[in-house]
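Scroll down for the structure; my scribbles are underneath it.
The values are calculated or read from the model by the stated rules, or taken from the named source; none is laboratory data. Values in this document were obtained by computation on a predicted structure and should not be read as measured data. No Cβ is skipped: glycine too gets one built from the backbone with ideal geometry, and neighbour counts run over all protein chains shown. For the accessible areas, the whole protein counts, side chains as well, though only heavy atoms, and no ligand, DNA or RNA atoms are used. Shrake-Rupley method; radii C 1.70, N 1.55, O 1.52, S 1.80 Å.
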Amino acid sequence: MKRALPLLALSVAACGDDAEVAQKTLSRAELMSPETCKGCHSRHYQEWSGSMHAYAAEDPVFRAMNRRGQEETQGALGTFCVNCHAPMAVREGATADGLNLDELDASLKGVTCYFCHNVVEVQGSHNAPLRLANDTTLRGGIANPTRNSAHGSKYSKLHDREALESASLCGACHDIVLPSPPAPAPVHLERTFAEWQGTVFNRPPSQGGLTCGGCHMTGRDDVAADVDGVPLRRVHAHTWPGVDRAITDFPERAAQQALIEHELDQTLRFELCVRQLPGVASLHVTLENVAAGHHFPSGAAQDRRVWVEIGAWSGSSLLYESGDVPVTEAVTSDPDPALWLLRDRAIGADGKHAHMFWQVAELEPSTIPGPVSFDPKHPDYFITHLSHRYPAGSELIAGAPDRVSLRVHIEPIGRDVLDDLVQSGHLGAAERDAVERLELLPNRGKASVALEWTPSAAATPPLGFQKTIDAVPAACVTSSVAKAN
């Protein structure tokens, strides 16, 4: 039931115009609290309340990493983490290291409504270089917002998902560059924005491009505020599903899980081929990134773990398997030489694997790039395709499979990283175990695996795409192609 227009009114994204209302009822301090926004923007608030933006300063893994990082760097880490996870706390001078977050008002924690909607300039490409106006005007993506008496409002291309400029607002926080120590030069740790810039999506939406908001803020026709007299608009979800979700009791967990699964399920296309020689066989898997506007995995790819599980049977007899890792074990500890693991391998100054980002001196990426072109004749079309052979090397499977299953798993944060935090005493075992393994299922609800091969379902690729081994063509099955939002 909409309310009559009160003094507090209308949308952050759909209020006012370029001229501020002379008499405002809300102060800057009031506008800094998401609870203030909730009064008129209940649906946007509900969506935000379960998002990783709202959870950013509550996340036990973030807190554990920050606390350990402050200890191991003797405080040199400073505001590096909280500058993104609690940006208003840093800008208000309420924290210097994020170790006092429990003492702060909720309005200063997480990525809040005010922090995003008060941005007036992006001053760089990484580490949150956003300039706020620090006034009582909120910016949004509706070109003709409705005047109201709660706060001033302005249209901003930075907040309009149909404007290419909006990607820079998201990208400024989702690209992270480490300061040089211990590396000889700064390390570009998280590169989601830079990855997107190299894809086919980096062009105006009117020309077929797709911004960050185009994928992660789905649109709907609705009113932008719960008051009478507000016109129907094209508004956008404030859920931002990706890979991570809350691991403690937090609003909207089930809804977030469903959104994350939807995003993951449409990201990759799978191809599974069997090459059969007399008495032996080999398996060949191709993963194609068809829908992510960046690499897969992306973000904190040094912490992510994506891997393939494959099993081949003859009747009820298991002929071969790889990637069947118990949930209580780290996939990085699997000794299988054929295991296919996608991630950024982080290396410390000592040349050994580094779990904690402040130890990273070098990265060895092993992720799937985003689409450069959808034209198979384009010279870079196939960079989105990564292939892998089972078993490893020149080995072959003894026997003739009549069924092969393919599964693709993802851990938002690898068990090995979490175990390291538990062992150092910075994370609880229960919190570690609450980080759930996810699975990509293009036919979720209809199939329990990403793809299954049987001789009757397989087909020989057409001439020109045919794959052979010793002149023997492969028999392949392929998942349906996902579509970008």
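Residues of region 95-120 that are of a type in the set (Asp, Glu) and either part of a loop (DSSP other than H, G, I, E, B) or in contact (Cβ under 8 Å) with a residue 24 or more places away in the chain (or both): Asp97, Asp105. Scanning region 280-290 for residues being open to solvent by less than 10 Å² (accessible area, probe 1.4 Å) and within 22 Å of Gly171 (Cβ to Cβ) gives a total of 1.
When only residues in region 391-415 that are under 20 Å from Leu440 (Cα atoms) and not aliphatic (A, V, I, L, M) count, which is surrounded by the most Cβ atoms within 10 Å (Cβ to Cβ)? The selected residue is Glu411.
Just checking, which of Arg203, Arg161, Arg147 is in contact with a helix residue (DSSP H, G or I) (Cβ under 6 Å, 6 or more places away or on another chain) and of a type outside the set (Gly, Ala, Ser)?
Being in contact with a helix residue (DSSP H, G or I) (Cβ under 6 Å, 6 or more places away or on another chain) and of a type outside the set (Gly, Ala, Ser) holds for just one of Arg203, Arg161, Arg147, which is Arg161.
Residue count for region 177-208 under the criterion of being open to solvent by 50 Å² or more (accessible area, probe 1.4 Å), touching an Asp or Glu at 6+ places or on another chain (Cβ under 9 Å) and closer than 15 Å to Val372 by Cα: the result is 0. Taking the listed residues Leu406, Leu441, Leu427, the one that is in a loop (DSSP other than H, G, I, E, B), within 22 Å of Glu271 (Cα to Cα) and at pLDDT 95 or above is Leu441, with no other qualifying. Exactly one residue among Ser322, Ser333, Ser316, Ser282 is without any contact (Cβ under 8 Å) to a residue 12 or more places away in the chain and over 26 Å from Pro241 (Cα atoms), and that residue is Ser316. Would you point out the residue of region 119-157, among those that are open to solvent by 30 Å² or more (accessible area, probe 1.4 Å) and hydrophobic (A, V, I, L, M, F, W, C), that is modelled with the lowest pLDDT? Of everything passing the filter in region 119-157, Ala143 is modelled with the lowest pLDDT. Screening Glu263 on (1) under 18 Å from the mean Cα position of the chain (by Cα); (2) assigned to a strand (DSSP E or B); (3) under 30 Å from Lys446 (Cβ atoms) shows it passes everything except condition (2).
Yes/no matrix, rows are residues, columns are (1) over 16 Å from Glu452 (Cα atoms); (2) of a type outside the set (Val, Ile, Thr):
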| residue | (1), (2) |
| --- | --- |
| Val306 | yes, no |
| Ile310 | no, no |
| Pro326 | yes, yes |
| Glu329 | yes, yes |
| Asp336 | yes, yes |
| Asp344 | yes, yes |
| Asp350 | yes, yes |
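Note on region 211-256: among residues that are open to solvent by less than 30 Å² (accessible area, probe 1.4 Å) and among the polar types (S, T, N, Q), the one that is nearest to Tyr155 (Cα to Cα) is Thr211. Suppose the filter is under 25 Å from the mean Cα position of the chain (by Cα), surrounded by fewer than 21 Cβ atoms within 10 Å (Cβ to Cβ) and under 26 Å from Gly50 (Cα atoms); does Ala301 pass it? Judged against the criteria, Ala301 is not a match.
Considering region 108-118, and only residues there that are open to solvent by 20 Å² or more (accessible area, probe 1.4 Å) and either under 24 Å from Val230 (Cβ atoms) or of a type in the set (Ser, Thr, Tyr) (or both), the residue that is nearest to the chain's Cα centre (by Cα) turns out to be Cys116. Checked across region 287-294, the condition of being part of a strand (DSSP E or B), within 25 Å of Ala346 (Cα to Cα) and of a type in the set (D, E, K, R) holds for at least one residue.
Within region 207-259, being touching a Pro at 6+ places or on another chain (Cβ under 7 Å) and assigned to a loop (DSSP other than H, G, I, E, B) holds for Thr211, Val243, Asp244, Ile247, Thr248. The set of residues in region 308-340 being among the hydrophobic types (A, V, I, L, M, F, W, C), open to solvent by less than 50 Å² (accessible area, probe 1.4 Å) and not in a helix (DSSP H, G or I) consists of Val308, Ile310, Ala312, Val325, Ala330, Ala338, Leu339, Trp340. Selection of region 173-206 for residues being of a type outside the set (Ser, Thr, Tyr) and assigned to a helix (DSSP H, G or I) yields Cys173, His174, Phe193, Ala194, Glu195, Trp196, Gln197, Pro205.
Residues that are open to solvent by 40 Å² or more (accessible area, probe 1.4 Å), at pLDDT 95 or above and either in contact with a strand residue (DSSP E or B) (Cβ under 7 Å, 6 or more places away or on another chain) or at negative phi (or both) do occur in region 447-469, at least one of them. On inspection, Ala301 does not qualify as under 29 Å from Phe201 (Cβ atoms), touching a Gly at 6+ places or on another chain (Cβ under 6 Å) and assigned to a loop (DSSP other than H, G, I, E, B). Every condition in (1) in a strand (DSSP E or B); (2) open to solvent by 50 Å² or more (accessible area, probe 1.4 Å); (3) under 20 Å from Leu319 (Cα atoms) holds for His388 except the one numbered (2). Of all residues in region 64-93, those satisfying the criterion of being open to solvent by 30 Å² or more (accessible area, probe 1.4 Å), farther than 30 Å from Tyr155 by Cβ and either touching a Leu at 6+ places or on another chain (Cβ under 7 Å) or part of a helix (DSSP H, G or I) (or both) are Arg67, Glu71, Glu72.
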